[in-house]
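Input: a single structure, listed below in structure tokens.
Nothing in this text is a laboratory measurement; each read-out follows from the coordinates by a stated rule. Keep in mind the model is a prediction, meaning the values are calculated, not measured. Positions of Cβ are backbone-derived with ideal geometry, glycine not excepted, and every protein chain shown enters the neighbour counts.
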Amino acid sequence: MNDQAAALRKRVAAVKHGSNQRTEAKTLAVISGKGGVGKSNFSLNFSLSLQEKGYRVLLFDMDIGMGNIDVLMGIASTYTIVDMLENKWPIQRVIKQGPKGLSYIAGGSGITSLFEWKQNDLHYLIDQFNSVSQDYDYLIFDMGAGMTEGVIAFLKAMDDMVLITTPEPTSITDCYAALKFLHLYGVNASFKMVVNKSLSIKEGVNTYERFNQAVKQFLKCSIELLGTIEEDRCVSHSVNSQVPFILQYPKGSASQGIKNIVNQYATSSSTRNHSVGFVAKLKKLFLER
């Protein structure tokens, strides 16, 4: 309840400063180096936990052709972001409500990449982002596999990026390769790591420390540990029942891990000042190149 009150006070304060000074939503992209690490499940439950704290969240399933956010919620989505782009619909038409009033947009299929379109199509897509950028506190993008030129440009507009890994060596190697690729191509978002499916918090922290040591040594930068999520059978049960685990098993270890991560993220993101907004960065990256 205190978290919801804090979020409400933040919005009221913004209104008091005048409509011309309404703030854009903070943006976060969730990525992984390989499949099977729980990226989409994290995106969904992280978004729901933020929503429960009183923040307004819009979750985008950007894994075009392989998206499963709606499946994890047991919802059959009628329209997707692909429909919006192909039919030039307003984005509001494809925003649907999930559990706890969470706003989301399903992925769909039929487009190799949203960001390889012609200039006028990209202009339309950015206009749609602009139309909702001040209606939410957070825009969260569950990204798919593949790093095309357009995807990299899109990620450059993010405020934050969360990399999901597990303690498995192959997962860590792939996560490092993804971070190295983004670093070399000039993606300067605030990088954060979540170690998922760890046998204990200690194992998760040790995994992060080894990873960050390699990042410091070879990439000359660092990555923040956002948190760890312990292996929890409740997660697979919730996937089978198509109910997000943070709702079905709120006292489970995975749910507690998500809540701890959200507490840390909401606190740190609220203290940062974002001088250049998401939409302005997209326009510069896509329309002025």
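Assuming charge only on the beta carbon of Lys and Arg (+1) and of Asp and Glu (-1), the dipole of the chain about its Cα centre is about 800 debye to the nearest 20. Dividing the summed helix terms, -39500 (n - 2.57) for each DSSP H run of n ≥ 4, by the number of residues in the chain produces a 222 nm estimate of -13500 deg cm²/dmol to the nearest 500. Which net charge results when you count Lys and Arg as +1 and Asp and Glu as -1 among the other residues whose beta-carbon is under 11 Å from that of Thr173? Surrounding charge for Thr173 is 0. Helices meeting the span-like rule in the chain (full DSSP H runs, Cα extent of at least 18 Å along the helix axis, mean Kyte-Doolittle score of -1.0 or higher): 2-16, 39-52, 119-132, 169-184, 253-270.
With the simple spin-label model, which puts each label point 7 Å out from Cα in the Cβ direction, the Ser268 to Glu168 separation comes to 2.6 nm.
When each of the peptides 78-87, 57-66, 179-188 is scored by how many other beta carbons lie within 10 Å of its residues on average, the order from highest to lowest is 57-66, 78-87, 179-188. Packing around the peptides 197-203, 227-233, taken as the average count of other Cβ atoms within 10 Å per residue, puts them in this order, highest first: 227-233, 197-203. If you take the Cα centroid of the stretch 35-76 and the Cα centroid of the stretch 222-250, the two points sit 12 Å apart. Our estimate of slack between Lys180 and Glu288, defined as 0.36 nm per intervening residue step minus the Cα-Cα distance, is 36.3 nm. Counted by Cβ distance under 10 Å from Ala157, the other residues give a net charge of +3, where Lys and Arg count +1 and Asp and Glu count -1. Full extension of the segment from Asn260 to Thr148, taken as 0.36 nm per residue of separation minus the current Cα-Cα distance, would add 37.0 nm. Taking the DSSP bridge list for the chain and keeping only pairs wholly inside it, about 5 percent are antiparallel. Across all directions, the average flat footprint of the convex hull enclosing the Cα atoms of the chain is 14.6 nm².
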